[in-house]
Amino acid sequence: MDLAGFRSSLSGQAPPAGVARPLAALWHCARGDWDAAHKLVQADEGEPDHDWVHAHLHRVEGDLSNAGHWYRSAGRAPARGSLEAEWAEIAAALLARRATSAKGPGERE
């Protein structure tokens with residue numbers, strides 16, 4: 001699935017089947033359900049992808065101090081662009097990693 005496909009899934013009733021919790025959290029965030037998104041990323045605090053999304057969520061909330069903690073935990077510089085641009089950057093990175101990990105040894109796109 002690419003970013004366009006992930007965006008189109010936002011009209012559905014649930015995140016796409018088989019997506020990891022950080023992507024599911026981004027899905028809920030885009031639909032305005034911050035609490036559901038936050039619960040998902042809290043489940044695996046200390047995992048860089050979860051912490052990156054966690055930082056984004058606290059930025060959405062306006063808690064930049066807390067966001068800064070999660071950016072550091074994720075090993076990422078704090079985002080400076082728009083919330084939408086950051087959402088898309090994170091989603092694209094996680095989707096690309098998902099696509100790469102789904103391939104078998106020696107497979108290419």
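In whole Å, how far is the Cα centre of the stretch 52-85 from that of the stretch 11-26? First find each Cα centre; the distance between them is then 20 Å. In the chain, helical runs assigned H by DSSP with n ≥ 4 each contribute -39500 (n - 2.57); averaged across all residues and rounded to the nearest 500, the mean residue ellipticity at 222 nm is -20000 deg cm²/dmol. [x] 90; [y] 111; [z] 139: which one is volume of the Cα convex hull per residue in Å³ as calculated from this entry? Structure-derived value, by its label: [y]. Each of HIS50, HIS56 was scored by other Cβ atoms within 10 Å of its Cβ. Listed from fewest to most, they are HIS50, HIS56. Going from the fewest other Cβ atoms within 10 Å to the most, the residues SER8, SER73, SER65 appear in the order SER65, SER8, SER73. Computed from Cα atoms, the angle from the helix 64-74 axis to the main principal axis of the chain rounds to 40 degrees.
Since every read-out is calculated from the coordinates, none of them should be taken as a lab result. What you are looking at is a predicted structure, and each value in this text was computed from that prediction instead of being measured. Reconstructed Cβ throughout: ideal geometry from the backbone, glycine too, with neighbour counts over all protein chains shown.
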